[in-house]
Amino acid sequence: MVRFAICVAVACAAAPAFAEENKEETCTYQGAIAAAVQDARLDGVREKRVERKVLSGTPAWPANYNNAISTIASWVYQIDKSQLAENDLGAIWTEQCVANWDAIQQMLGKQSG
């Protein structure tokens with residue numbers, strides 16, 4: 001769980017605007033990125049091409065979140081494909097991001113929001 005929280009913290013730090021938004025909104029956008037990366041991986045997209053693939057659609061998040069794609073992708077591509085097929089990473093990411101928000105903000109040296 002600590003490794004996951006660190007990954008979420010790194011994704012939060014990827015775009016400065018995260019500090020200006022509330023945790024539900026930020027975590028929902030990050031979860032949408034995790035889901036998009038998961039879908040791309042399950043579709044056989046290579047990690048080095050995942051960002052281009054994810055951005056070729058119509059992302060459900062503001063452009064300032066695009067910086068988090070590669071960080072989230074590095075986490076997703078470490079997960080065994082059989083586990084990817086059985087789990088909703090978008091929902092898991094969102095839930096864990098919200099649950100660990102205060103700790104993540106503290107790791108980033110920011111006020112909780």
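The values are calculated or read from the model by the stated rules, or taken from the named source; none is laboratory data. Just so you know, these numbers come straight off a predicted model, no measurement behind them. A quick note on method: Cβ atoms are made from the backbone with ideal geometry, for glycine too, and the neighbour counts reach across all protein chains shown. Note: areas computed on protein heavy atoms with side chains; ligands, DNA, RNA excluded. Shrake-Rupley method; radii C 1.70, N 1.55, O 1.52, S 1.80 Å.
Quick check: is even one residue across the stretch 72-84 among the hydroxyl-bearing types (Ser, Thr, Tyr), buried (at least 18 other Cβ atoms within 10 Å of the Cβ) and in a helix (DSSP H, G or I)? No, the stretch 72-84 contains no residue that is among the hydroxyl-bearing types (Ser, Thr, Tyr), buried (at least 18 other Cβ atoms within 10 Å of the Cβ) and in a helix (DSSP H, G or I). For the stretch 47-69, taking the residues that are touching a helix residue (DSSP H, G or I) at 6+ places or on another chain (Cβ under 9 Å) and part of a loop (DSSP other than H, G, I, E, B), the one that is surrounded by the fewest Cβ atoms within 10 Å (Cβ to Cβ) is identified as GLY57. Screening GLY109 on (1) modelled with pLDDT under 90; (2) at negative phi; (3) surrounded by fewer than 18 Cβ atoms within 10 Å (Cβ to Cβ) shows it passes everything except condition (2). Scanning the stretch 85-105 for residues that are open to solvent by 70 Å² or more (accessible area, probe 1.4 Å) and either among the charged types (D, E, K, R) or under 18 Å from ASN22 (Cα atoms) (or both) turns up GLU86, ASP88, GLU95, ALA99, ASP102.
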